[in-house]
Amino acid sequence: MPAASPRPPQRIDGRTARSERTRAAIVDAHVTLIREGDLRPTADRIAKQAGVSLRALWSHFADMEALFAASGQQILDQRDEAHEPIPADLPLERRIDAYCHQRARLLEQIAPAAKASALKEPFSQTLQSYRRTHINRVRAELQTLFPDAIGTDEALLNALTAASMWPSWGTLRDGMGLDPDAARAALTRTITTLLTPR
């Protein structure tokens, strides 16, 4: 039998490529508006920022919940790109310092999105799901970095997680008016106190 000829490389249909570009532009526009301080961007403002019609926006996203899902995934992906693994074999004090520096940096990065999400989260299952994802990632990192101190102490893990999340950071930064360095110092003191045996 003659050898089968190789399959030609698949081509992306032009319309499909344009559709993907439009969808990405809409998600980028949504995230950009939030980062610029527009915590409740309307569909009209998002479409204008993306350079597309309102009709195009709704042809790519059935509703705002669908757009939240896509934007939330982009923010998670950007968080993952910015995250730098911390060696778990460092001395405890250095692990705590590295962890708190990184948490402060990442929390500052997601601050606008976290503020925007807080306004809509009570009414959005998608945003509630992303909040749980963020919590689970922080819990997993804490368990990986500090297994010797946490062990099976669920209450300690809960306390460390709560201290590491946006609501605590938002209280330090916005509620108390601390600058990033002072807020990080408070976070470091809290984590150190929780993890250091008395």
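The values are calculated or read from the model by the stated rules, or taken from the named source; none is laboratory data. These numbers come from a predicted model, not from an experiment. Note: ideal-geometry Cβ built from the backbone for every residue, glycine included; neighbour counts use all protein chains shown. Ligands, DNA and RNA are stripped out before the accessible areas are found, and what is left, the full protein with its side chains, is counted by its heavy atoms. Shrake-Rupley method; radii C 1.70, N 1.55, O 1.52, S 1.80 Å.
Table for the structure above
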{"read-out": "Among residues of the stretch 40-51, those that are surrounded by fewer than 19 Cβ atoms within 10 Å (Cβ to Cβ) and part of a loop (DSSP other than H, G, I, E, B), counted", "value": "3"}
{"read-out": "Residue within the stretch 23-30 that is open to solvent by 50 Å² or more (accessible area, probe 1.4 Å), of a type outside the set (A, V, I, L, M, F, W, C) and in a loop (DSSP other than H, G, I, E, B) present", "value": "no"}
{"read-out": "Listing of helices (runs of 4 or more DSSP H) fully contained in the stretch 86-198 that carry 3 or more residues being open to solvent by less than 50 Å² (accessible area, probe 1.4 Å) and out of contact with any helix residue (DSSP H, G or I) (no Cβ under 6 Å at 6 or more places or on another chain)", "value": "92-120, 125-145"}
{"read-out": "Residue list for the stretch 67-92, filter: over 12 Å from the mean Cα position of the chain (by Cα) and free of Cβ contacts under 8 Å to residues at least 24 places away in the same chain", "value": "E84, P85, P87, D89, L90, P91"}
{"read-out": "A62, sole failed condition from (1) assigned to a helix (DSSP H, G or I); (2) among the hydrophobic types (A, V, I, L, M, F, W, C); (3) open to solvent by 70 Å² or more (accessible area, probe 1.4 Å)", "value": "(1)"}
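Yes/no per residue for (1) outside any helix (DSSP H, G or I); (2) at pLDDT below 90; (3) among the hydroxyl-bearing types (S, T, Y):
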{"site": "P6", "(1), (2), (3)": "yes, yes, no"}
{"site": "P9", "(1), (2), (3)": "yes, yes, no"}
{"site": "R15", "(1), (2), (3)": "no, yes, no"}
{"site": "E20", "(1), (2), (3)": "no, no, no"}
{"site": "D38", "(1), (2), (3)": "yes, no, no"}
